[in-house]
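The next block holds one structure in the form of structure tokens; read it before the comments.
The values are calculated or read from the model by the stated rules, or taken from the named source; none is laboratory data. Everything numeric here is computed off the predicted structure, so don't read it as measured data. For neighbour counting, all protein chains shown are included, and Cβ atoms are generated from backbone atoms with ideal geometry for every residue, glycine included.
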Amino acid sequence: MSKAQRIIGLTGGIATGKSTVSDYLATTHQLPILDADIYAREAVAPGAPILSSLVERYGDAIVLSDSSLNRRHLGTIIFNQPDEKHWVEQQIHPFVRQRFTQVRRQYPPTQTLVYAIPLLFEANLTHLVSEIWVVICRLEQQQQRLMARNHLSQSEAAARIKNQLPLSQKTAQADWVLDNSNDRSQLYRQVDTALFSSQPTKP
């Protein structure tokens, strides 16, 4: 019997360091990174049917002058209206799942792949991966990093973190928990351990 393909589901909280881990896996270990955020952007690219559906539902204000999605406007809508958030996700998530399947076929079954999926649990995509890595950091670090990265106030950053599935629920379902509370060298050592060990660790 052939060995099942190793597909790492990389996730975590907003601004905890998922991109740092995926960049390291790509540059140091030359692993292919299949990024859900990239596929989600493809789903709403100018001229895409899903973008047309968004315009039909929310009006022309949902697009910018260059016909691209007005992400800030959409974010305001879905952040304050859970039903609309659910509707938008129902449009985008099937497209993202399809893209993962399409791109996976481009690699041999012996190739380890990394699926970078911020909403791995929320979008019910855990069945796509063979193991789950969750990147965490201390709450105050997460908030400060998010404020700096997205130019948010403290209250705005706290609200976005609170709007996500708690990290404690994600780590409870993880095969590997990567703590990004300290310097990058420590994080990278954890990544190496997870990549080359056959024994998952839980907090």
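Which members of the range 142-163 meet the condition of being of a type outside the set (Lys, Arg) and closer than 30 Å to Arg6 by Cβ? Spell out the reasoning first.
First, the residues of the range 142-163 that are of a type outside the set (Lys, Arg): 142-144, 146-148, 150-159, 161, 163.
Answer for the range 142-163, where residues must be of a type outside the set (Lys, Arg) and closer than 30 Å to Arg6 by Cβ: just Gln142.
List the residue pairs whose Cβ atoms are under 6 Å apart, where the first residue sits in the range 64-75 and is in contact (Cβ under 8 Å) with a residue 12 or more places away in the chain, the second is outside any helix (DSSP H, G or I), and the two are 6 or more positions apart or on different chains.
Partner pairs satisfying both residue conditions: Ser67/Pro46; Ser68/Pro46; Leu69/Val44.
Could you run through the range 149-175 and say how many residues are outside any helix (DSSP H, G or I) and charged (D, E, K, R)?
Residues that pass the stated criteria total 1.
Given Leu178, Leu187, which one is in contact with a Leu (Cβ under 9 Å, 6 or more places away or on another chain), touching a residue at least 60 places away in the same chain (Cβ under 8 Å), part of a helix (DSSP H, G or I) and surrounded by 19 or more Cβ atoms within 10 Å (Cβ to Cβ)?
Numbers: Leu178 fails: part of a helix (DSSP H, G or I).
After applying the criteria, what remains is Leu187.
Can you tell me which residue is surrounded by the fewest Cβ atoms within 10 Å (Cβ to Cβ) among those in the range 14-44 that are hydroxyl-bearing (Ser, Thr, Tyr) and in a helix (DSSP H, G or I)?
To start, the set of residues in the range 14-44 that are hydroxyl-bearing (Ser, Thr, Tyr) comprises 16, 19-20, 22, 24, 27-28, 39.
Still in the running and in a helix (DSSP H, G or I): 19-20, 22, 24, 27, 39.
Details: Ser19: 17, Thr20: 16, Ser22: 22, Tyr24: 18, Thr27: 9, Tyr39: 20.
Looking at residues that are hydroxyl-bearing (Ser, Thr, Tyr) and in a helix (DSSP H, G or I), I get Thr27.
Hey, among Thr28, Thr20, which residue is out of contact with any Leu (no Cβ under 9 Å at 6 or more places or on another chain), at pLDDT 95 or above and among the β-branched types (Val, Ile, Thr)?
Thr28
Might you let me know whether the range 36-54 holds any residue that is of a type in the set (Val, Ile, Thr) and within 24 Å of Ala159 (Cα to Cα)?
no
Across the range 130-148, what is the number of residues that are within 14 Å of Gly12 (Cβ to Cβ) and assigned to a helix (DSSP H, G or I)?
Adding up the residues that qualify gives 5.
Of these, Ala116, Ala159, Ala172, which one is buried (at least 18 other Cβ atoms within 10 Å of the Cβ) and either more than 15 Å from the chain's Cα centre (by Cα) or touching a residue at least 60 places away in the same chain (Cβ under 8 Å) (or both)?
Ala116
Among residues belonging to the range 90-101 that are under 15 Å from His127 (Cβ atoms) and in contact (Cβ under 8 Å) with a residue 60 or more places away in the chain, point out the one that is surrounded by the most Cβ atoms within 10 Å (Cβ to Cβ).
Among those that are under 15 Å from His127 (Cβ atoms) and in contact (Cβ under 8 Å) with a residue 60 or more places away in the chain, it is Val96.
What about Ala61, is it aliphatic (A, V, I, L, M), under 25 Å from His86 (Cβ atoms) and in a loop (DSSP other than H, G, I, E, B)?
When the stated conditions are applied, Ala61 does not pass them.
Regarding the range 102-109, can at least one residue be identified that is surrounded by 12 or more Cβ atoms within 10 Å (Cβ to Cβ), part of a helix (DSSP H, G or I) and either on the phi > 0 side of the Ramachandran plot or within 20 Å of the chain's Cα centre (by Cα) (or both)?
Yes, the range 102-109 contains at least one residue that is surrounded by 12 or more Cβ atoms within 10 Å (Cβ to Cβ), part of a helix (DSSP H, G or I) and either on the phi > 0 side of the Ramachandran plot or within 20 Å of the chain's Cα centre (by Cα) (or both).
Quickly run through the range 1-13 and pick out the residues that are over 30 Å from Ala159 (Cα atoms) and either within 12 Å of the chain's Cα centre (by Cα) or surrounded by 14 or more Cβ atoms within 10 Å (Cβ to Cβ) (or both). Spell out the reasoning first.
Of the residues in the range 1-13, the ones over 30 Å from Ala159 (Cα atoms) are 1-7.
Result: Gln5, Arg6, Ile7.
Name the single residue that is farthest from the chain's Cα centre (by Cα) among those in the range 47-63 being exposed (fewer than 12 other Cβ atoms within 10 Å of the Cβ) and in contact (Cβ under 8 Å) with a residue 12 or more places away in the chain.
The extreme case among them is Ala61.
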